1. When the range 278-307 is examined, which residues are found to be hydrophobic (A, V, I, L, M, F, W, C), outside any loop (DSSP other than H, G, I, E, B) and either in contact (Cβ under 8 Å) with a residue 40 or more places away in the chain or closer than 15 Å to MET52 by Cα (or both)?
2. Assess whether GLU232 counts as being over 19 Å from PHE175 (Cβ atoms) and touching a residue at least 24 places away in the same chain (Cβ under 8 Å).
3. Residue by residue through the range 63-100, note down the ones that are farther than 22 Å from GLY117 by Cβ and in contact with a strand residue (DSSP E or B) (Cβ under 7 Å, 6 or more places away or on another chain).
4. Test each condition in (1) assigned to a loop (DSSP other than H, G, I, E, B); (2) among the polar types (S, T, N, Q); (3) at pLDDT 95 or above for ASN82 and report the one that comes out false.
5. Within the range 158-165, is there a residue that is basic (Lys, Arg) and out of contact with any Pro (no Cβ under 9 Å at 6 or more places or on another chain)?
6. Would you confirm, using the coordinates I've provided, whether LEU151 is in a loop (DSSP other than H, G, I, E, B), within 16 Å of the chain's Cα centre (by Cα) and farther than 16 Å from ILE86 by Cα?
7. Collect the residues in the range 194-221 that are assigned to a loop (DSSP other than H, G, I, E, B), at pLDDT 95 or above, buried (at least 19 other Cβ atoms within 10 Å of the Cβ) and not aliphatic (A, V, I, L, M), keeping them in residue-number order.
Amino acid sequence: MYRKSRDYLNLNKKMRREPCHDRNPFSFAGILKTMAELQEIARQIRRDIVRMVHACQSGHPGGSLGCTEFFTALYFKVMKHNPSFIMDAPGEDVFILSNGHISPVFYSTLARSGYFGVDELATFRRINSRLQGHPATHEHLPGVRMAAGSLGQGLSVAIGAALTKKLNGEPNLVFSLHGDGELQEGQIWEAVLFAAHHQVDNLIATVDWNGQQIDGPTNKVINLGDLKAKFEAFGWETLVTENGNDMDQVVAALEKAKTLTGKGKPVMHLMKTEMGKGIDFMEGSHEWHGIAPNDDQLAKALAQLGETNLGDY
């Protein structure tokens, strides 16, 4: 077993008991430094995902589970952000979720990093909940900066945010996440052209390259071909993470991506993941894109994940 830092334990207790507006502004950068801590957070987020989707018998567990390492690395290690949420994000990095159906992993990450109380996760997809199936700004949920329902729009929003940072003279970065099936949307490629032409070099976009979408494997629905070559041809600096479910690789890739910013090109991070990662009967199947586990399946999933010291909500 590893030993957690006192700051880490106190921070988790503080997250649980205090509403967001009562906390002083601070950045998470550098607070959680050990890989063991990141891996435990990822395991807890996976537990949150399956419990949230099971409780309301609705939602998208597959892609959420596959992107857990990415969200954990981004919010607890890489991105400079402030849980005392300000929509315009002055002086901090920004994250834009484009494939909004993976809201369970997004909501869990926001709660576990202090944007709102973890107990609110129990309201996922309930009537009048702020945690709707797709994130929306109308609910004023801290951490959500765009309504993510229709696919293909998030890259355009991220580019706008990145250009605003430039106009304001801010050195901060904008991160975004997209599904690989989402690349079948034409608006994505218009945005890709625009970002390269206008040298939006404070943007790091990540594609969850799991090869699955709601109707089946992407290579059978619409084959995406050589994505690295495509983005390079469109003028983007491009890097590939071969295992996006390995925390070391994800952290290293995001840190590498940061070193590529400010050089005249937007940065594309292609991250190969496994849909449903962490639960053996969900892994690698598009069938878990948007269905909820039953009681027996939930019990099996939680047994495979194991409890954490963070605790369930």
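1. TRP288, LEU298, ALA299, ALA301, LEU302, LEU305, listed by residue number.
2. no
3. Residues satisfying the conditions are GLY63, GLY66, CYS67, PHE70, ASP93, VAL94, ILE96, SER98, ASN99.
4. (3)
5. The answer is no; no qualifying residue exists.
6. Criteria met by LEU151.
7. ASP201, ASN202
Quick grid of which residues meet (1) out of contact with any Asp or Glu (no Cβ under 7 Å at 6 or more places or on another chain); (2) of a type outside the set (Val, Ile, Thr):
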| site | (1), (2) |
| --- | --- |
| ASN243 | yes, yes |
| ASP248 | yes, yes |
| ALA253 | yes, yes |
| ALA257 | yes, yes |
| THR261 | no, no |
| LYS265 | no, yes |
| THR273 | no, no |
| ILE279 | yes, no |
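The values are calculated or read from the model by the stated rules, or taken from the named source; none is laboratory data. From a predicted model like this one, the values you see are computed outputs, not experimental measurements. Cβ atoms come from the backbone with ideal geometry, glycine included; neighbour counts cover every protein chain shown.
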